[in-house]
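Values in this text are rule-based calculations from the coordinates and carry no lab data. Computed from a prediction, not measured in an experiment: that's the story for all the values here. Glycine also receives a Cβ, built like all others from the backbone with ideal geometry; neighbour counts cover every protein chain displayed.
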Amino acid sequence: MDRKFKLVTFLTTLVFLITFSLDFFSEIITTYANTQPPSFPSCTEKIFEQDGDWAHYDFGVHGVPGVANLEGSDDVYSLSGGNFLQCFCPLGSDQGIQSDWWRVGYLGLSESEIGNFLSQGWIKEQGSGWNLFDDTYLVKNSNFSCVQPTPTPTPTTIPTITPTPTTTFVPTATPTPGPEPEQARCTGLSVSPQEGTAPLTVRFTGSGFDKNGPILEYEFDFGDSSGFQPQVWKQKEPEAAHRYENPGTFVATVKVKDQAGIWRDGNSDCKKTITVHGKPQVLAAAKVKGLPEAGSPIGASGVIISLGSLGVYLYKRFKII
């Protein structure tokens, strides 16, 4: 009787341990399967097809997560689920850096799960610091080729020449051309101020016309890239600002993108010349050698030149530093 009781107890305990183990490992497998990173496209498939829809720079100094600030071109593409693809091609090199930005803040991952991805080469970043969504991201870098692949030539087929039958020409009436539809265009560029002393912060306002709807995007060319600022800047808003650090004469222009996705300029209507002067020298007041005698005029020569405040310069852009 005692041996039978022990056998039943042993078998009951064994069944419990097996059931617990299956539930435990099943939960681990399910959690692991639900937190796999999404599939990211290759930068080679994107940069030769279109510019980045979230950010696009043909040149300048840009930040690469976990690497450094490098000089070159940079494109950022928005993906589903708040994810992003960053494609950077350094100046003077054919090997680019692809950064896969995986938005994980809303997934509720534990610290141990995040630590597991960090051990696999992912980098933890806060999106708001890079002009992305205000959420936690895991970023992973890889290399890609910045050289556009050579397309495979299509074999040329020699067509069979079919004799053309002779036809009698019948003249047709030439229709009277009507008025051409008004095309979309850039209509103007205003600047304030247009002249001043370096450093000079200038506000630009572009305007455009499209009968099919509002202007989709504005491209400002400030004619200057001092202070590591981009010379060319694209955005959806018509107002932008630029700070001219050095004296000189600069030509600024603006283009607009219409509803058909075509960039339009306005020739001289959308071009302004900015004049920036150097800082004038400040002359010290002359030192008075002694008190004036009674009855003599009191005089002290000196020139005080007021310098403008530096002001505040702000760009709404994808963070690069």
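Can you give the local net charge around LEU216? Use residues other than it whose beta-carbon is closer than 10 angstrom to its beta-carbon, Lys and Arg +1, Asp and Glu -1.
-1
For the pairs LYS211/LYS236; LYS140/LYS257; LYS234/LYS272, note any where the Cα-Cα span goes beyond 22 Å.
Going by Cα-Cα distance, LYS140/LYS257 fall outside the 22 Å limit.
So for the pair ASN143, LEU11, with labels modelled 7 Å out along Cα→Cβ, what separation do we get in nm?
About 6.3 nm, to one decimal.
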